1. What are the pairs, 6+ residues apart or on separate chains, where a residue within region 1-29 that is over 23 Å from GLU82 (Cβ atoms) and at pLDDT 80 or above has its Cβ under 6 Å from a residue that is open to solvent by 60 Å² or more (accessible area, probe 1.4 Å) and part of a helix (DSSP H, G or I)?
2. Only residues that are modelled with pLDDT of 95 or more and in contact with a helix residue (DSSP H, G or I) (Cβ under 9 Å, 6 or more places away or on another chain): list them for region 53-64, please.
3. Quick test of your reading of the structure: ILE95 fulfils all but one of (1) within 28 Å of GLN162 (Cα to Cα); (2) assigned to a loop (DSSP other than H, G, I, E, B). Name the failing condition by number.
4. Across region 150-180, which residue is least open to solvent (accessible area, probe 1.4 Å) among those that are over 13 Å from GLY32 (Cα atoms) and either without any contact (Cβ under 8 Å) to a residue 12 or more places away in the chain or touching a Lys or Arg at 6+ places or on another chain (Cβ under 6 Å) (or both)?
5. Please work out which one of (1) charged (D, E, K, R); (2) touching a residue at least 60 places away in the same chain (Cβ under 8 Å); (3) under 24 Å from ASN26 (Cα atoms) is the condition ASP132 fails and give its number.
6. Does ASP67 satisfy being modelled with pLDDT of 95 or more and buried (at least 17 other Cβ atoms within 10 Å of the Cβ)?
7. Which numbered condition trips up LYS218, out of (1) at pLDDT 85 or above; (2) in contact with a helix residue (DSSP H, G or I) (Cβ under 9 Å, 6 or more places away or on another chain); (3) part of a loop (DSSP other than H, G, I, E, B)?
Amino acid sequence: MDFEEFKKDNSKNCIIKSKIPEIARNEPCCVGIDEAGRGPVLGPMVYGICYCPLSKAEELKNTGFADSKTLTEEEREALFKELSENCHGYMGWVIDILTPNFLSNCMLQRTKCSLNEVSHNSAIGLIRLLLDSGVKVQEVYVDTVGPAEKYQDKLQKIFPEQKIVVTPKADAKFPIVSAASVCAKVSRDRVISAWEFSEDIIFTKETGSGYPSDPTTKKWLADNLDRVFGFPQLVRFSWSTCSNILDNKAVPVTWDDDDDDSDEDEATKNSAPITSFFSAKTNDVTATRHRFFQERNLESLEMF
């Protein structure tokens with residue numbers, strides 16, 4: 001899948017990758033991993049992985065890669081163009097685009113998956129993809145998410161044959177991580193700029209930086225909220241910024257229980273401690289068992 005295909009359907013995660021240089025299949029490689037867009041309330045989070053042979057380490061230092069935040073947009077685009085056109089002849093890359101819906105659903109599902117865990121899973125998936133593709137991965141350098149030592153131990157157990165280094169500011173310490181940082185940042189910028197809304201509504205592009213603290217972003221969120229259906233898919237609706245706006249502007253919803261005509265207090269009627277599902281306080285089990293069990297005619301299992 002490429003950027004053009006993703007534009008046609010930006011509701012699904014996707015992997016975009018370069019061709020694998022033959023030298024990367026034959027010589028031990030170093031690998032760098034970094035992300036872009038972890039904090040914003042708008043748009044995807046993008047993970048990038050870049051790799052090159054250890055024998056080209058000195059040449060890599062002279063390519064101009066640095067922490068993407070220290071480069072201009074033009075510099076990042078030029079570096080990514082060189083990578084995409086395989087101008088160096090020995091480097092490759094893969095990016096993992098994680099959509100806003102995916103991120104929010106992970107964080108709000110019944111079995112919650114934290115943003116840290118989502119990040120770890122993406123990094124692990126990218127390393128496995130390289131190994132499955134035949135890249136001779138020997139050293140892996142990762143910008144940390146959460147405690148560096150704990151993250152490094154986790155990766156080392158999964159990939160015992162590789163040297164794993166997890167450290168803060170890895171994109172400023174290792175050129176291969178800087179290259180991954182550029183891949184991730186340029187890819188996210190392209191996705192945001194080319195985003196096509198699937199809601200059949202015209203939204204303004206004045207989104208600001210996309211960070212929750214940005215007044216322009218907050219205004220865009222408030223102005224583009226549908227009071228019934230919420231936010232467009234560009235928005236990570238699990239962020240607290242969105243929750244606050246929804247609480248203040250969205251149509252309130254009342255969950256009625258049509259089968260219960262008693263005068264029981266609503267708050268009490270629609271909630272119960274978890275223990276009430278499994279225990280009875282008197283000998284009359286039917287009278288005291290929770291309504292969930294009564295309506296489904298569920299009985300306790302007895303062991304003989």
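1. ASN13/PHE102
2. Looking only at region 53-64, we keep the residues that are modelled with pLDDT of 95 or more, and these are 53-55.
Residues satisfying the conditions are PRO53, SER55.
3. (2)
4. Restricting to residues being over 13 Å from GLY32 (Cα atoms) and either without any contact (Cβ under 8 Å) to a residue 12 or more places away in the chain or touching a Lys or Arg at 6+ places or on another chain (Cβ under 6 Å) (or both), the top hit is GLN156.
5. (2)
6. Numbers: modelled with pLDDT of 95 or more: no; buried (at least 17 other Cβ atoms within 10 Å of the Cβ): yes.
Criteria not met by ASP67.
7. (3)
The values are calculated or read from the model by the stated rules, or taken from the named source; none is laboratory data. Fair warning: this is a prediction, and the values are worked out from it, not measured in the lab. Because the Cβ atoms are built from the backbone with ideal geometry, glycine has one as well, and the counts that use them run over all protein chains shown. Accessible surface is based on the protein model in full, side chains and every heavy atom, while ligands, DNA and RNA are left aside. Shrake-Rupley method; radii C 1.70, N 1.55, O 1.52, S 1.80 Å.
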